[in-house]
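Remarks on the structure that follows.
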Amino acid sequence: MTSSTTDPPRLRPEADSAGVRPPEELAPQAADANFRMLVDGIDNYAIFMLDPNGHVVTWNTGAAKIKGYAAHEIVGSHFSVFYTDEAVARGWPAYELEEAAAHGRFEDDGWRVRQDGSVFWANVVITALRDASGQLKGYAKITRDLSERRRQSEALRQSEERFRLLLEGVEGYAICMLDANGVITGWNTGASQITGYRRDEAVGSHVSLLYPASDLARSNADHILQRARQGGRSEEEGWSQRRDGTLFWAHVTVTAVYADDGKLRGYVSITRDMSERKRLEELELANRRMSEFLATLGHELRNPLAPVRNAIGILQMDEDISPTVARCRDMIDRQISHLSRLVDDLLDIGRITSGKIDLRLAEIDLRTVIERSIESSRFHFDARRQRIACELPAEPLVVKGDMTRLVQVVHNLLHNASKFSPPGCTIEVAATKDAKSATIMVCDPGQGIPEHALDAIFQLFVQEGRTTNPTESGLGIGLTLCRSLVQLHGGAISAASGGLHQGSTFTVQLPLAEPAPRRRPASGSTLRAADSKRILVLDDNRDSADSLAMLLELKGHQAKALYSAEAALRLAPSFQPHVVFMDLSMPGMDGFEALAALKALPQLAAETTFIAMTGYGQEQDRQRTAEAGFDLHLVKPVDITQLGYIVDSTPNISFPSKERTTGH
């Protein structure tokens, strides 16, 4: 153990004549010796003293161990030898002494130098020593080697950095860090992929950025944060909104993060896109309800068939009817028999597989969608003496959508509102928009919807109103179809109600599209005035050909029904039809072969419009008929309301590329 022979001399009282010191002086000396022994024995702290100028005057075992100097090598040297050259150059050792002298104590963490030139990370405490009069006598300095702690801290920091980089690289999960106020502070690659927001666009924004319906987004986000704050963790599923305004079904987990002192530091939010899983769950649920659906469908279809069959029987007993009525009667009889067989076949099917719905997208104004839907629903409202209150914005609400399908959605909502509301009431329809989406709301004062059924009513074959309004029940597929069509447009539909007899509100949200510039109509595009046309109807189904020809004759045209391509080739040169309606699936020469043969006739090449009639309506079917040279593609059964327009518009009609021109 190093002695402290270098300590400043102390004044000691004289001993008595016998060489014995007074007892009151022996106790302080013994305490001083014990203290020296205690300090010298500490080997994990460097404890030493400096004179007022910063020179080392004492040195303990810990100082020798940590700094590498023996007492005789360092006592008398200035303590600046323990500092790096950079620290000495900026006067840091002198600054430490000045601060300790001025404030009584100074503490610092920094790099210090051992005798062999190696450095270590140290915690240093310097305390000023003063006598009873307040005069500075020197400094006590305690140094701790914190290199291991710093190494562990640096390892932890690097580990956290690696973990951060790992999270940022995760795909398929949107992981974001939030501060205590819900502001986004961290954003990973998965979050960008799922939501469409770049890191620089998301960081600094409130997490409500990811919630739909701007007027409710903040409250919805604050609600899940509050639950996480109270319970440590919150989990929910619902609609989230991407940067482009489209919605997706999300599973969101929010975990509150607390500091050691219990103070809330923020949240970790993990979001998964569960749209596909939700779709599969709904399909599975639909399959479980298939048996009930088939039984209901058979019942619903056979009920109207029975009186029709009876009416045909009565007509068959009456011999005093015109030939035209007799022909119509016999056609109805044959088709009723065919439909009955189809119902029987349908009931034998164990499950229903749904095919893809093709959307014919174009930039359309939702105001037009609403106006057409109201017009198509007018019959229901007039029958119940109900009024429609419509509120539309002055500016267009342009979306990328299928006009026919969106009209179908709004029409179904209006029909439901009318059906489940009392006579004489008012149904409200409104449309609004925000920066990213357009919203359509249909509000009725009717029977309302129980809270537990607000989500279930969109599931296939569910009929919440069956028990409360059995006379108005149907197959339970209308709202399911609405939701499917809206989701195909990148939107969402929801229902709200105060409960039974409190009315209901259905809300449809669709992403906005930039309106396309308006085009001036081409000169000469005005349709010809309607006049009598010569029309060939070519179909191997005699009832189909005859009934369509009869209908065209009733509209003032000269129509001929033929049942084979060969017959059409014989008649066409002399008849010279303006329009040819042609079935594609005919025995012998099919519709495509017949088209080529008819177009080869010089009498028909320039003036005749050829219209394909078929039961196939997929996009590839339309493309095939267009490439073959047909002017129009119609899906059976042909919509009678469009028939007059189609015939009157020839030969100015052309093959449609955007809008549906089919019967269904």
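Is the shape of the range 23-145 rounded, prolate or oblate, going by the alpha carbon gyration tensor and its root eigenvalues a ≥ b ≥ c, with a/c under 1.5 for rounded and a/b larger than b/c for prolate?
oblate
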Discussion item. Under 28 Å between alpha carbons, and skipping anything fewer than 8 positions from LYS137 in its own chain: which lysines qualify?
Written reply: LYS65, LYS67
Worksheet item: Charges only on Cβ, +1 for Lys and Arg, -1 for Asp and Glu: so what's the dipole of the range 371-413 about the Cα centre, in debye to the nearest 20?
Response: 220 debye
Item to complete: Take the alpha-carbon centre of the range 359-398, take the same for the range 90-161, and report the distance between them in whole Å.
Response: 79 Å
Practice prompt. Just name one of ALA628, LEU571, ALA594: the one whose Cα is farthest towards the positive end of the charge dipole of the range 534-649 (beta-carbon charges, Lys/Arg +1, Asp/Glu -1).
Written response: LEU571
Item to complete: Would you give the gap between the C-alpha center of the range 544-574 and the C-alpha center of the range 251-276, rounded to a whole Å?
Response: 71 Å
Fill in: Computed E for SER564/TYR645 - FRET, C-beta separation, R0 30 angstrom, nearest 0.05
0.55
Discussion item. Quick check: pseudo-label points 7 Å beyond the Cα along Cα→Cβ at ALA326 and LEU146, how many nm apart are they?
Written reply: 11.2 nm
Item to complete: Enter the Cα centre distance for the pair the range 60-88 and the range 176-237, rounded to the nearest angstrom.
Response: 55 Å
Item to complete: State the extension gain, in nm to one decimal, for the chain segment bounded by GLU237 and GLU371, taking 0.36 nm per residue of separation less the distance between their alpha-carbons.
Response: 44.8 nm
Fill in: Listed pairs LYS400/LYS436; LYS400/LYS636; LYS555/LYS599; LYS278/LYS419; LYS400/LYS433 exceeding 20 Å between Cα atoms
LYS400/LYS636; LYS555/LYS599; LYS278/LYS419
Fill in: Per-residue ³J(HN,Hα) for the range 185-192, Karplus 6.51 cos²θ - 1.76 cosθ + 1.60, θ = phi - 60°, Hz, x for Gly and Pro
10, x, 8, 9, 4, x, 5, 5
Item to complete: List, in order, the whole-Hz ³J(HN,Hα) value for each residue of the range 583-592 obtained from phi through the Karplus relation with A = 6.51, B = -1.76, C = 1.60 and θ = phi - 60°; use x for Gly and Pro.
Response: 6, 8, 9, 10, x, x, 8, 7, x, 5
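Bear in mind that the values in this text are calculations on the coordinates, not laboratory data. Predicted, not measured: the structure shown is a model, and the values here were computed from it. For neighbour counting, all protein chains shown are included, and Cβ atoms are generated from backbone atoms with ideal geometry for every residue, glycine included.
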